[in-house]
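Input: a single structure, listed below in structure tokens.
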Amino acid sequence: MKYINYILFIFLIFISYKIFTIIFKERLLFNEYFTSEEYEDEEEYIENSTKKFIVNFIKNNKKNISNKKCGNNFFESNSFCQLNVNTNKCECKFQKDDIKTAFNSPQICCNEMCNKIPAEKCVSNNEFTSVPYYCNIGGKCKKYEGTIISSHISANNCGTDPLNNQLLLPFSSKDECEKTINVCDKYNNPKNTPNQNRDSCLKDTACGYCRNEFGEGKCISGNPSGPNDLEKYYYCIPQKVNAKNTYEYGNRAIYILQEPTTY
């Protein structure tokens, strides 16, 4: 779409050139304004002057034309395609300065290309700027393609924590990532439905299930009293009065009775 608009713009310039040429072919204007000794022929002067005018006009207004599509100079120069690890979809984002957090940008500011790019090819890189990183996804360390370009550094992330919406920072190696995995992480599998993850989580006596005020949940290490990491999940307290977050701990005895007995 961008190139079609650009072609139409060139066509309009061409028409304007023809009109411009016809007007200034008038003898009166030629005699009055174009008395340069550089060109002895009226046609030659008009043609060269008009070409220079068109080239300079396009050069000076090319960026402005593009910005009109995007609608914002800041978005235009800072938007790029970035993988949303939570949804595994390629999205248009913008980054302010060198901060590690990206913000949503209109698709048009990325030439409406991001949503057409496969997730594994979302981050634009070459052999010199590409760098791998790892994320704990459902209890397994998954490798992603990152970048060392500072203006796109926010692309190196592991999504956001569903309970507090905080950015999850990546791991530089698989070994570093695996050291952080706990038994409850496997119940946060993005391929399962929230209810499937919750039900599996509550069958494990080492885990509890916490929900935020919007109903989004996560399986975390816990016991009947609450999360094991109270500093991180201080808001996941069972039976807390007027709490926005809720915490559940499964009754293991119920699941034991439901399991088939083998002799």
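For this structure, a couple of remarks:
The rows are residues; the columns are (1) within 29 Å of Glu91 (Cβ to Cβ); (2) outside any strand (DSSP E or B); (3) modelled with pLDDT under 95.
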site: Glu176; (1), (2), (3): yes, yes, no
site: Thr205; (1), (2), (3): no, yes, yes
site: Pro238; (1), (2), (3): no, yes, yes
site: Tyr247; (1), (2), (3): no, no, yes
site: Ile254; (1), (2), (3): no, yes, yes
site: Leu257; (1), (2), (3): no, yes, yes
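- Residue under evaluation Pro118, criteria (1) over 17 Å from Cys90 (Cβ atoms); (2) modelled with pLDDT of 90 or more, criterion not met: (1)
- Cβ-Cβ contacts under 9 Å between residues 6 or more apart (or on different chains), taken from a first residue in segment 165-176 that is outside the structural domain of Asn212 (by TED's automatic domain parsing) and without any contact (Cβ under 8 Å) to a residue 60 or more places away in the chain to a second residue that is part of a helix (DSSP H, G or I) and charged (D, E, K, R), are listed as Phe171/Glu178.
- Scope segment 212-232; condition modelled with pLDDT of 90 or more and either buried (at least 20 other Cβ atoms within 10 Å of the Cβ) or on the phi > 0 side of the Ramachandran plot (or both); matching residues: Gly217, Lys218, Cys219, Ile220, Gly222, Gly226, Pro227
- Scanning segment 185-202 for any residue that is part of a helix (DSSP H, G or I), of a type in the set (A, V, I, L, M, F, W, C), touching a Cys at 6+ places or on another chain (Cβ under 8 Å) and in contact (Cβ under 8 Å) with a residue 12 or more places away in the chain turns up at least one such residue.
- Of the strands (runs of 3 or more DSSP E) lying entirely inside segment 71-161, those carrying at least 1 residues that are touching a residue at least 12 places away in the same chain (Cβ under 8 Å), more than 10 Å from the chain's Cα centre (by Cα) and surrounded by 15 or more Cβ atoms within 10 Å (Cβ to Cβ) are 130-137, 140-147.
Let's see how each residue does on (1) at pLDDT 70 or above; (2) touching a helix residue (DSSP H, G or I) at 6+ places or on another chain (Cβ under 6 Å); (3) of a type in the set (S, T, N, Q); (4) not assigned by TED's automatic domain parsing to the domain that holds Asn125:
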{"site": "Lys63", "(1), (2), (3), (4)": "no, no, no, yes"}
{"site": "Asn84", "(1), (2), (3), (4)": "yes, no, yes, no"}
{"site": "Lys93", "(1), (2), (3), (4)": "yes, no, no, no"}
{"site": "Pro106", "(1), (2), (3), (4)": "yes, no, no, no"}
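The values are calculated or read from the model by the stated rules, or taken from the named source; none is laboratory data. Here the structure is a predicted model, which means the values were calculated and not measured. Note that we place each Cβ from the backbone using ideal geometry, even for glycine, and neighbour counts take in every protein chain shown.
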